[in-house]
1. Answer yes or no as to whether Ala173 is part of a loop (DSSP other than H, G, I, E, B), under 17 Å from the mean Cα position of the chain (by Cα) and over 24 Å from Ala34 (Cα atoms).
2. Kindly indicate whether Glu250 is closer than 21 Å to Ala40 by Cβ and of a type in the set (D, E, K, R).
3. From Ser180, Ser227, which residue is touching an Asp or Glu at 6+ places or on another chain (Cβ under 6 Å), surrounded by 24 or more Cβ atoms within 10 Å (Cβ to Cβ), in contact (Cβ under 8 Å) with a residue 60 or more places away in the chain and small (Gly, Ala, Ser)?
4. Suppose we keep only residues that are touching a residue at least 40 places away in the same chain (Cβ under 8 Å) and assigned to a strand (DSSP E or B) within region 100-125. Which one would you say is farthest from Leu168 (Cα to Cα)?
5. Could you look through region 65-99, keep only residues that are outside any loop (DSSP other than H, G, I, E, B) and β-branched (Val, Ile, Thr), and pick out the one that is nearest to Gly49 (Cα to Cα)?
6. For Leu159, indicate whether it is crowded, with 19+ Cβ neighbours inside 10 Å, touching a residue at least 60 places away in the same chain (Cβ under 8 Å) and of a type in the set (A, V, I, L, M).
7. Quick one: how many residues across region 241-266 are over 17 Å from Leu148 (Cα atoms) and among the β-branched types (Val, Ile, Thr)?
8. For region 196-203, check the following and say yes or no: at least one residue is more than 27 Å from Leu265 (Cβ to Cβ), modelled with pLDDT of 95 or more and of a type outside the set (Val, Ile, Thr).
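The values are calculated or read from the model by the stated rules, or taken from the named source; none is laboratory data. Note that the structure is predicted; figures quoted are calculated from it, not measured. Positions of Cβ are backbone-derived with ideal geometry, glycine not excepted, and every protein chain shown enters the neighbour counts.
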Amino acid sequence: MSTTLAACVQLQGSSDVERNLQVTERLVRRAAQAGARLIATPEATTYLGPHDRKIKLAEPVDGPTHRRLADLAAELGIWLLVGSVAERAEGDPARCHNTSLLFDPEGRLAASYRKMHLFDVDIPGGVRFQESATCAPGDTPVVVDTPLGVLGLSICYDLRFPELYRTLVDRGAQLLAVPSAFTLMTGKDHWHALLRARAIETQCYVLAPAQFGAHDDAGLRHSYGHSVIIDPWGVVIGQCSDGEGICLAELDPERVAAVRRAMPLAAHRRI
């Protein structure tokens, strides 16, 4: 495998699905024009707004909104990770799945992953959120073998559970995706620390596209942003500033191999 240019897309999502899609398409095209072959978008790419409407808008993985993004991957000849969408939950009309979709350069669905750890928190004076009220959790870790390396999938709050990432690496992961909509309050203190820790302990590249800014859900959500790409030594090699945009970085599979040879954590594990 040779080096690959990867990109993270940073969005300021809303409840306007068409607007979200248009911005996503514009930024994905910009990244592809810059040479990126793997492009990742944040959690809640297609919709970030009131939860009751999210349930009504939920589609199966082959629904029309998702096919539009698959067609974009095929048109540009890229691997496109749609960080997450609302996937209809069969048999549970009150909830949906928070699901990542990975499309290959022919627009085929190469993998999907349903978020396992749901964001149910009540921080005094801060964030209060119950994702499980509208989302049903997944139960299966997912890795997918691509020409760019073995990619392990996760979403946002999963980041706080290192055992998931150990499982992904045990299954061969060399790259980890963490599409997110980290809140401003938690993000400013924890986002970079957790992402760098996951990169260092797994010796993987980490791609973390994020939502940014205030969203139009009655003032309840404000996302931290700062989308990043981190190398297997824990060094930030690409980062977005404020606002919508992209960041780019080269991924080199030999860098993963070199870090793992120099510090063979897998061989040193005792538990």
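1. Values: part of a loop (DSSP other than H, G, I, E, B): yes; under 17 Å from the mean Cα position of the chain (by Cα): yes; over 24 Å from Ala34 (Cα atoms): yes.
Judged against the criteria, Ala173 is a match.
2. Details: closer than 21 Å to Ala40 by Cβ: yes; of a type in the set (D, E, K, R): yes.
Here the answer is yes, as Glu250 does meet what is asked.
3. Working: Ser227 fails: touching an Asp or Glu at 6+ places or on another chain (Cβ under 6 Å).
Result of the check over Ser180, Ser227: Ser180.
4. Leu109
5. From region 65-99, those outside any loop (DSSP other than H, G, I, E, B) are 65-76, 79-88, 96-99; that's our starting set.
Right, trim to β-branched (Val, Ile, Thr) and you get 65, 82, 85, 99.
Working: Thr65: 16, Val82: 17, Val85: 12, Thr99: 16 Å.
Restricting to residues being outside any loop (DSSP other than H, G, I, E, B) and β-branched (Val, Ile, Thr), the top hit is Val85.
6. Numbers: crowded, with 19+ Cβ neighbours inside 10 Å: yes; touching a residue at least 60 places away in the same chain (Cβ under 8 Å): no; of a type in the set (A, V, I, L, M): yes.
In short, no.
7. Pass one, region 241-266, residues over 17 Å from Leu148 (Cα atoms): 241-247, 259-266.
Adding the requirement that they be among the β-branched types (Val, Ile, Thr) leaves 246, 259.
Residues in region 241-266 being over 17 Å from Leu148 (Cα atoms) and among the β-branched types (Val, Ile, Thr): 2 in total.
8. Taking region 196-203 and keeping what is more than 27 Å from Leu265 (Cβ to Cβ), we get none.
No, because not a single residue in region 196-203 is more than 27 Å from Leu265 (Cβ to Cβ), modelled with pLDDT of 95 or more and of a type outside the set (Val, Ile, Thr).
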